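Student: Pasting in a structure now, in structure tokens, and then I'll have a few things to ask.
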Amino acid sequence: MHPLLQDCCIQGRDTTTFRDRREFTGSLLKQPGDVYEYLNNYNKTKASFTGLLRENTLDYPQDAIREALLNCLIHRDSLFTGSIIINVYDDHMEFISLGGLVRGLSLEAVQLGVSQSRNPNLAAIFYRLRLVESYGTGIRKIMRLYEHCPKKPLFKAVQGAFSCILPNRNEVVQYIQKQERTESTVGESIDSEKQSILHFARQKGSISRKEVEDVFGLKTTKAFRLLRQLCDEGRLTQQVSGKFTRYIPRSML
């Protein structure tokens, strides 16, 4: 019998960076155990602190890896001779199983908990061995394990294949924190620019958009936006005289 679960690739953030590749063979009971152990070697732990309390978070919930792995085996179409493929990237883990959905089922139905096993005898054996809890709960359990993660698992079904993508929870948190720091820095920069414009206006008694562009090296759109923000905040007042528009500090009116 050809191997039902064979290829496991460790990569960077995309398919251009390749670090490791492993093939697994053996019985249907040996393969999932070997692969699960191998994947856990790449399931890192990140520590965070709340006061004096330390909290450890794995990149991937172990039960999510287990459910995705067993789903590949139980629902695989054995008429295909190719291998199940598992790709591990820095920010996600991808399980690709041959066979797609059972005819007549939609992805939406499967996500609701509907179960129609392609290999009912195999599913029954795994159930009696307590490797799976019950039929039709795998996807919902994976989603529940990511309930508090901003990025959710993704499931795709095409003709002849089914994939499950598990996000790296710690990578997601780090990305969000980086974005928040970037937005905070941008916000601080804008506040600094507005303070400089306001200070200049107070020194001269008023300021024009052209002066903001020339003095602070800003483009027309940004200069106008900052002046409008200062007006909306009640720190400047727009004064129009013929073709000329100047902005006067409220404290000087």
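The numbers here are math on the coordinates, done by the rules we state, and not lab data. What you are looking at is a predicted structure, and each value in this text was computed from that prediction instead of being measured. Quick reminder, even Gly has a Cβ in these numbers, built from the backbone with ideal geometry, and neighbours come from all protein chains shown.
Student: Apply the Karplus parameterisation 6.51 cos²θ - 1.76 cosθ + 1.60, with θ equal to phi minus 60°, to every residue of the stretch 61-70 and state each ³J(HN,Hα) to the nearest whole Hz, in sequence, with x for glycine and proline.
Tutor: x, 4, 5, 5, 4, 4, 5, 5, 5, 5
Student: List every residue whose amide H lies under 5 Å from the amide H of T237, counting only residues 5 or more places away in sequence or on a different chain, with H placed 1.01 Å from N in the peptide plane.
Tutor: Under 5 Å from the amide H of T237: I248, R250.
Student: For the stretch 230-240, in order, what is each residue's ³J(HN,Hα) by Karplus, 6.51 cos²θ - 1.76 cosθ + 1.60 with θ = phi - 60°, in whole Hz (x at glycine and Pro)?
Tutor: With coefficients 6.51, -1.76 and 1.60, one gets 5, 5, 5, 7, x, 9, 10, 10, 7, 10, 9 Hz.
Student: What residues qualify as long-range amide H neighbours of K46, i.e. H under 5 Å apart, gap of 5 or more or another chain, H built at 1.01 Å from N?
Tutor: Under 5 Å from the amide H of K46: T57, L58, D59.
Student: With the cut-off at 1.5 for a/c, could you classify the stretch 189-228 from its C-alpha gyration tensor as rounded, prolate or oblate?
Tutor: Oblate, because a/c is 1.5 or more while a/b does not exceed b/c.
Student: Amide H of V132: which non-local residues (sequence gap of 5 or more, or other chain) have their own amide H closer than 5 Å, using H built in the peptide plane?
Tutor: When sequence neighbours closer than 5 places are left aside, the close amide H contacts are Y127.
Student: Could I ask something else about it? So which GluC sites (Glu not before Pro) in the stretch 199-241 are both in a DSSP loop and have at most 13 other Cβ atoms within 10 Å of their Cβ?
Tutor: Values: sites: E211, E213, E233; in loops: E233.
Here the GluC sites (Glu not before Pro) that fit, given the DSSP loop and packing criteria, are E233.
Student: Okay, moving on. Can you bin the stretch 39-177 into rounded, prolate or oblate? Criterion: square roots of the alpha carbon gyration tensor eigenvalues sorted a ≥ b ≥ c, rounded for a/c under 1.5, prolate for a/b above b/c, oblate for the rest. Spell out each step's value before the answer.
Tutor: Values: a/c = 2.07, a/b = 1.89, b/c = 1.10.
Prolate, because a/c is 1.5 or more and a/b exceeds b/c.
Student: A further question follows. Count the net charge of all other residues whose Cβ sits under 12 Å from the Cβ of L39, scoring Lys and Arg as +1 and Asp and Glu as -1.
Tutor: On the way: positive: R22, K44, R66; negative: D20, D34, E37, D59, E94.
Its environment carries a net charge of -2.
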